[in-house]
Amino acid sequence: MAAARRWALALARGAVPVALGLLLWVVMAWGEQDRQRILKELPENNPEALARRRRHNELIMAALREAAETDENVARRAVPWRK
């Protein structure tokens, strides 16, 4: 009788963390579809914003490439590539 009680207590103690982990997983997964929908509706996902971002990145990469190819301190020079 005592062994069965100890076994049941050990089983309950082991099941609590598993149940808590499962509960947390369900809570986190619950809002995943809403999060995906919200991410799709962000203004950064439209083609105009992506084109602006791409152009901005091209300008920055050109400035970095120029700075890497010269020994001159390009930070002190006038910036012709500014938007």
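The values are calculated or read from the model by the stated rules, or taken from the named source; none is laboratory data. Quick caveat, the model's predicted, so the values are computed rather than measured. Methodologically, a virtual Cβ is constructed for each residue, glycine included, from the backbone with ideal geometry; neighbour enumeration extends over all protein chains shown. In case anyone asks, the SASA skips ligands and DNA or RNA and just uses the protein heavy atoms, side chains included. Shrake-Rupley method; radii C 1.70, N 1.55, O 1.52, S 1.80 Å.
Quick notes on this one:
- C-alpha long axis of helix 47-69 to longest principal axis of the chain, angle in °: 70 degrees
- Computed lengthening from GLU32 to ILE60, 0.36 nm per intervening residue step minus Cα-Cα distance: 6.6 nm
- Protein heavy-atom accessible surface, 1.4 Å probe, per residue over the range 1-41: 100 Å².
- Accessible surface of ARG37 - all protein chains present, 1.4 Å probe, nearest 10 Å²: 110 Å²
- Protein accessible area in the chain, 1.4 Å probe - carbon and sulfur %: 63 percent
- FRET efficiency estimate (nearest 0.05) - Cβ-Cβ, ARG52 to ASN73, R0 30 angstrom: 0.55
- Cα gyration tensor shape of the chain, rounded if a/c is under 1.5, else prolate or oblate by comparing a/b with b/c: oblate
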